[in-house]
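Report on the following structure.
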Amino acid sequence: MREKREFIIQQLKLSFSLIVCYSLYYFLRKNFSVVVPFLNSDLGISKTAIGLIMTLHGLTYGISRFLCGMACDKFSAAKIFKTALLLSCFVSFALGFQTTAIWIGALWILNAMVQGCGYPPVTKMQSNWVRPEKFATWTSIVDTGHSLGTFLIVIACGYIATYWGWQWCFWAPIGVVLVGLFLTRKYIKDQPSDAGFDNLENKKSTQALTKKEYFRIISENVFKNKPLLIIAISQISVYCLRFAILDWGPTLLKETKNISLINAVWVVAIFEAAGVLGTLSSGFVTDRFFGGRAHRTSQVSLFLSLTSLILFLTISAAPMGMYVLLLSLAGFFNYSAQIQGGAAVAKLATRSAAGTASGFIGLCGYCSVIFTGFGVGIITQNFGWNAALLFLVSLGIVTFLIRLSIWNVKADGYGNK
């Protein structure tokens, strides 16, 4: 009984540390959306060029996340997680000194390479520490880290850029990141045995597998898993809806609603705050009402997120409060759809391939930047914001219809219905 209590305490310490550190990853990534208006106005960088930078960053991030996921199934996820966060600090420091599109783009792409090593280790460590029947709930709690990180940094950078200059949006977060990493470093463990407990199963660790055994498991559990592939590929549109607001939100609201940058970042921050609530509630809904079938929660949430954005597009001349409400609902359900999509593939792949599954769905999701970065930049430049958002919503509707084909698949790949 005492050992069980100690295990839960260690489990909680790990989860809290992952929430803190993963939110700090976003301190060094989502600061960019606040800087975008200044790159356009102060440095004369066009929206098309900025969109291209966003696209290359997202694609690089997705590839990095996929490769990191495979690495986490073979090597220490904890070491990868902590090292990459430290490296991102160095890149962010260099970014604040740049004034040309080429160097800003090059360093932002380099930042994407190390940032891609954030989420796969989180999924891998969680799958090692949490049983399948509780995985959705625990994952939804830990995954609030990215919403909390975005919420805090977007608000902070709105004030920092206004009063100190946009360069400090890259410099100021570094100190907070280093302190957080130092305080949580000893609680981030790969698996229970690293903390003196028995692992959840006695199967041979994937770190001890031969190369042939490792690739066989990865192939069978991920790349030949049809329901997993459908969820992962369809995640593109889920990310499209999210990034359209996060990456372009301050610029969109500033140009279409004629509101100040500080008010605009507060609206985007509210979108993120609603996302935290959606993330937290989605795990409970999955385990309590859908029998652990995270893909069902994701599907229902996608439908409701699309509905909110369609209303946002069609309602005109409404009070600002109405637009904030609709974007909040979109954020609530969008994050639920995203997080439970990730939980679904991790469970379908089982803990032996959870890192690769997380990396693969991340790669698919971040292919969305082809549409939300360069695509939105071109469409907006030539046809306006409504055309760009209408295109993204249409993509989401197609995805929703495709996902209906996997409604009845099982909850996980462990052999339990």
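Out of all the residues in region 78-99, which are of a type in the set (Phe, Trp, Tyr) and under 10 Å from PRO121 (Cβ atoms)?
PHE81
Here are some residues: TYR214, TYR159. Which one is of a type outside the set (Val, Ile, Thr), touching a residue at least 12 places away in the same chain (Cβ under 8 Å) and surrounded by fewer than 18 Cβ atoms within 10 Å (Cβ to Cβ)?
That would be TYR159, the only listed residue that is of a type outside the set (Val, Ile, Thr), touching a residue at least 12 places away in the same chain (Cβ under 8 Å) and surrounded by fewer than 18 Cβ atoms within 10 Å (Cβ to Cβ).
Yes or no, residue by residue, for (1) more than 22 Å from THR184 (Cα to Cα); (2) in contact with a strand residue (DSSP E or B) (Cβ under 7 Å, 6 or more places away or on another chain); (3) open to solvent by 10 Å² or more (accessible area, probe 1.4 Å):
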| residue | (1), (2), (3) |
| --- | --- |
| TYR22 | no, no, no |
| ASN31 | yes, no, no |
| VAL36 | yes, no, no |
| ASP42 | yes, no, yes |
| THR48 | yes, no, yes |
| MET54 | yes, no, yes |
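Would you mention how many residues in region 141-157 are touching a Phe, Trp or Tyr at 6+ places or on another chain (Cβ under 7 Å) and either closer than 18 Å to SER336 by Cα or not β-branched (Val, Ile, Thr) (or both)?
Summing the residues that are touching a Phe, Trp or Tyr at 6+ places or on another chain (Cβ under 7 Å) and either closer than 18 Å to SER336 by Cα or not β-branched (Val, Ile, Thr) (or both) in region 141-157 gives 5.
Does PHE360 satisfy the criteria of being open to solvent by 40 Å² or more (accessible area, probe 1.4 Å) and part of a helix (DSSP H, G or I)?
No: the conditions fail for PHE360.
Six or more apart or on different chains, Cβ under 9 Å: which pairs go from a residue in region 378-404 that's β-branched (Val, Ile, Thr) to one that's buried (at least 18 other Cβ atoms within 10 Å of the Cβ) and not in a helix (DSSP H, G or I)? Could you list them?
none
So for region 81-88 (the condition being surrounded by fewer than 19 Cβ atoms within 10 Å (Cβ to Cβ), in contact with an Asp or Glu (Cβ under 9 Å, 6 or more places away or on another chain) and more than 17 Å from GLY58 (Cβ to Cβ)), does at least one residue qualify?
no
Consider region 1-52. How many of its residues are small (Gly, Ala, Ser), in a helix (DSSP H, G or I) and either more than 22 Å from the chain's Cα centre (by Cα) or closer than 30 Å to TRP248 by Cβ (or both)?
Residues flagged as small (Gly, Ala, Ser), in a helix (DSSP H, G or I) and either more than 22 Å from the chain's Cα centre (by Cα) or closer than 30 Å to TRP248 by Cβ (or both) within region 1-52 amount to 5.
Go through region 282-323 and count every residue that is of a type in the set (Gly, Ala, Ser) and open to solvent by 40 Å² or more (accessible area, probe 1.4 Å).
4
What residue, among those in region 217-246 that are surrounded by 14 or more Cβ atoms within 10 Å (Cβ to Cβ) and over 23 Å from the mean Cα position of the chain (by Cα), is modelled with the highest pLDDT?
GLU220
Which of the residues that make up region 162-176 are among the hydrophobic types (A, V, I, L, M, F, W, C), touching a residue at least 60 places away in the same chain (Cβ under 8 Å) and within 19 Å of LEU86 (Cα to Cα)?
Hits for region 162-176 are TRP168, CYS169, PHE170, TRP171, ILE174, VAL176.
Can you name the residue in region 332-358 that is over 11 Å from the mean Cα position of the chain (by Cα) and among the hydroxyl-bearing types (Ser, Thr, Tyr) and is also farthest from PHE271 (Cα to Cα) among such residues?
Checking each candidate, the answer is SER352.
Could you run through region 198-210 and say how many residues are at pLDDT 75 or above and either open to solvent by 50 Å² or more (accessible area, probe 1.4 Å) or closer than 30 Å to LEU152 by Cβ (or both)?
The total comes to 2.
Quick one: which residue in ASN386, ASN408 is at pLDDT below 85, of a type outside the set (Val, Ile, Thr) and open to solvent by 10 Å² or more (accessible area, probe 1.4 Å)?
Selected residue: ASN386, the only one of ASN386, ASN408 that is at pLDDT below 85, of a type outside the set (Val, Ile, Thr) and open to solvent by 10 Å² or more (accessible area, probe 1.4 Å).
Sort out which residues of region 332-357 are small (Gly, Ala, Ser) and open to solvent by less than 10 Å² (accessible area, probe 1.4 Å), and write them in order of number.
SER336, ALA337, GLY341, ALA343, ALA344, ALA346, ALA349, ALA353, ALA354, GLY355, ALA357
Which residue out of VAL285, VAL276 is β-branched (Val, Ile, Thr), modelled with pLDDT of 90 or more and touching a helix residue (DSSP H, G or I) at 6+ places or on another chain (Cβ under 6 Å)?
VAL285
Does region 76-94 include one or more residues that are in contact (Cβ under 8 Å) with a residue 12 or more places away in the chain, closer than 26 Å to THR372 by Cβ and more than 23 Å from the chain's Cα centre (by Cα)?
Within region 76-94, one or more residues are in contact (Cβ under 8 Å) with a residue 12 or more places away in the chain, closer than 26 Å to THR372 by Cβ and more than 23 Å from the chain's Cα centre (by Cα).
The values are calculated or read from the model by the stated rules, or taken from the named source; none is laboratory data. The model shown is predicted, which means the values in this text are computed figures rather than measured ones. Counting neighbours? That spans all protein chains shown, and the Cβs are built from the backbone with ideal geometry, glycine included. Ligands, DNA and RNA are stripped out before the accessible areas are found, and what is left, the full protein with its side chains, is counted by its heavy atoms. Shrake-Rupley method; radii C 1.70, N 1.55, O 1.52, S 1.80 Å.
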